[in-house]
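A.B. asks: Sharing a structure with you now.
The values are calculated or read from the model by the stated rules, or taken from the named source; none is laboratory data. Bear in mind that the values here come from a model prediction, so they are computed numbers and not experimental data. Backbone-built Cβ (ideal geometry, glycine too); neighbour counts: all protein chains shown. We work out accessible area using only protein heavy atoms, side chains counted, and drop any ligands, DNA or RNA first. Shrake-Rupley method; radii C 1.70, N 1.55, O 1.52, S 1.80 Å.
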Amino acid sequence: MSEKTFEEAMSRIQVIVSTLEKGDVQLQEATTLFEEGLALIDFCEKQLSAFSDKVNELKERNQDKQNGR
């Protein structure tokens, strides 16, 4: 994934899904799009995981502050 944001990747996934659902692409193009979609999904999953880790870290820090640690 080269310098795309999460939102850009999700938008591209939507375009790929829409294109594949139409069913009017050649097999080679469909395979290429499918492969791109899988890579984008992997990218998004990693981004979401990192975001989740960050949120959990911030929640723990906030909890520690509230407990006087």
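A.B. asks: So which of Ala9, Ala39 ends up being of a type in the set (A, V, I, L, M, F, W, C), open to solvent by less than 90 Å² (accessible area, probe 1.4 Å), in a helix (DSSP H, G or I) and in contact with a helix residue (DSSP H, G or I) (Cβ under 8 Å, 6 or more places away or on another chain)? Steps first, please.
C.D. replies: Numbers: Ala39 fails: in contact with a helix residue (DSSP H, G or I) (Cβ under 8 Å, 6 or more places away or on another chain).
Only one candidate qualifies: Ala9.
A.B. asks: Follow-up question, since we're still on this one. Kindly indicate whether any position in the stretch 60-67 is in a helix (DSSP H, G or I) and open to solvent by less than 70 Å² (accessible area, probe 1.4 Å). Break it down into steps so the answer makes sense when it comes.
C.D. replies: To start, the set of residues in the stretch 60-67 that are in a helix (DSSP H, G or I) comprises 60-66.
Then keep just the ones that are open to solvent by less than 70 Å² (accessible area, probe 1.4 Å); that gives 64.
The answer is yes; a qualifying residue exists.
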